[in-house]
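S.K.: Dropping a structure here in structure tokens format, bear with me for questions.
The values are calculated or read from the model by the stated rules, or taken from the named source; none is laboratory data. This is a predicted model, so every value here is computed, not measured. With ideal geometry, Cβ positions are generated from the backbone for all residues, glycine too; neighbour counts draw on all protein chains shown.
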């Protein structure tokens, strides 16, 4: 990974990263950072700017802009009535608006109120969830509802097709983070999840132990296979969005090791290898306003490149086989980077 956007960093931490990079004390790209805004609530996101009115929402947006950051991420305990004024202020200031969908809203409500992007595929599936799930989506219902009902959603229903079409027409971006859901919904605890399995033999045992976890506890009356069918429906949903012309950006909600698996899941959803790769290169570069210098290999662009051993057009797993990295004007050897991070060989 040669660049990043962080959808939820504390302002002081973000400014520290930028300051140390500018001073030459930190080797890092000039990533784009958002700050979370959430309602004052016991369920508010950790590290969020918390608000209790539309006026405070606008003031929080102004604070993010004054810090020189890139975007605003609204969260699940926001009052739905505060989203539109907050998003309008953010757009006036040139900020990106994205986030979780607040309790009581469906994703279409959020984009009509001003979202540029919706984070996590479960919130896209929320369009088809029962109202009692939507009303409690700032609780575990945002996990348990899609796990219970996702398997039964008709992705080709007229209402869903109209939903995809409106997202496409509004040029909304979706960050699915399927790798969050794969272990939660498919794992029975007997094996390491696919996003980490390629690193199992080269990572420290203390790390690999944490990768072997059971799936999310089953709801009454459901089986692990029910949850697996709901996850399969999430993967299919990404394919439906892509077919409708909705832009997909690859996110992980993790440490970063999950990224290649995320792209492999997009391949399962029906994207080609090239299209899956674009979700982690040129599409996010365009989203962040950085496409003039990164996101593709072209004359006059920054040398923001990885060299890998293998043909990615034939097998996305070759993205893990990094030989050389060009980052921020430096050439870095993949082997040395792996050793510095505690990995003792090439991932599978």
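S.K.: At least 3 residues that are more than 19 Å from the chain's Cα centre (by Cα) and farther than 30 Å from residue 321 by Cα in each: list the helices (runs of 4 or more DSSP H) lying fully within region 136-232 that qualify.
M.R.: Filter on region 136-232 gives 141-149, 158-169.
S.K.: Which residue pairs have Cβ atoms under 7 Å apart, sit 6 or more places apart or on different chains, and have a first residue in region 161-175 that is in contact (Cβ under 8 Å) with a residue 40 or more places away in the chain and a second that is exposed (fewer than 13 other Cβ atoms within 10 Å of the Cβ)?
M.R.: Hits for this filter: 168/245.
S.K.: Looking only at region 10-36, count every residue that is touching a residue at least 60 places away in the same chain (Cβ under 8 Å) and buried (at least 18 other Cβ atoms within 10 Å of the Cβ) and tell me the total.
M.R.: Within region 10-36, residues that are touching a residue at least 60 places away in the same chain (Cβ under 8 Å) and buried (at least 18 other Cβ atoms within 10 Å of the Cβ) number 3.
S.K.: If you don't mind, there's one more thing I want to ask. Within region 308-348, count every residue that is over 26 Å from residue 207 (Cα atoms) and either touching a residue at least 24 places away in the same chain (Cβ under 8 Å) or part of a loop (DSSP other than H, G, I, E, B) (or both).
M.R.: 11
S.K.: Sticking with this structure for a sec: Inside region 249-276, can you point out the residues that are assigned to a loop (DSSP other than H, G, I, E, B), closer than 21 Å to residue 311 by Cα, at pLDDT 95 or above and in contact with a helix residue (DSSP H, G or I) (Cβ under 7 Å, 6 or more places away or on another chain)?
M.R.: Listed by number, the residues that qualify are 250, 258, 270, 271.
S.K.: Counting just the residues of region 194-220 that are surrounded by 13 or more Cβ atoms within 10 Å (Cβ to Cβ) and free of Cβ contacts under 8 Å to residues at least 24 places away in the same chain, which one comes out farthest from residue 144 (Cα to Cα)?
M.R.: Top of the filtered list is 200.
S.K.: Determine whether residue 147 is touching a helix residue (DSSP H, G or I) at 6+ places or on another chain (Cβ under 8 Å), crowded, with 22+ Cβ neighbours inside 10 Å, within 30 Å of residue 222 (Cα to Cα) and modelled with pLDDT of 95 or more. I'd like the intermediate steps shown before the answer.
M.R.: Details: touching a helix residue (DSSP H, G or I) at 6+ places or on another chain (Cβ under 8 Å): yes; crowded, with 22+ Cβ neighbours inside 10 Å: yes; within 30 Å of residue 222 (Cα to Cα): yes; modelled with pLDDT of 95 or more: yes.
For residue 147, the condition - touching a helix residue (DSSP H, G or I) at 6+ places or on another chain (Cβ under 8 Å), crowded, with 22+ Cβ neighbours inside 10 Å, within 30 Å of residue 222 (Cα to Cα) and modelled with pLDDT of 95 or more - is met.
S.K.: From the list 93, 108, 155, which residue is closer than 24 Å to residue 267 by Cβ and out of contact with any strand residue (DSSP E or B) (no Cβ under 8 Å at 6 or more places or on another chain)?
M.R.: When all the criteria are applied, what remains is 155.
S.K.: Right, residue 68: over 21 Å from the mean Cα position of the chain (by Cα) and in contact (Cβ under 8 Å) with a residue 24 or more places away in the chain or not?
M.R.: yes
S.K.: Which residue is surrounded by the fewest Cβ atoms within 10 Å (Cβ to Cβ), if the candidates are limited to region 277-307 and must be assigned to a helix (DSSP H, G or I) and over 14 Å from the mean Cα position of the chain (by Cα)?
M.R.: Checking each candidate, the answer is 282.
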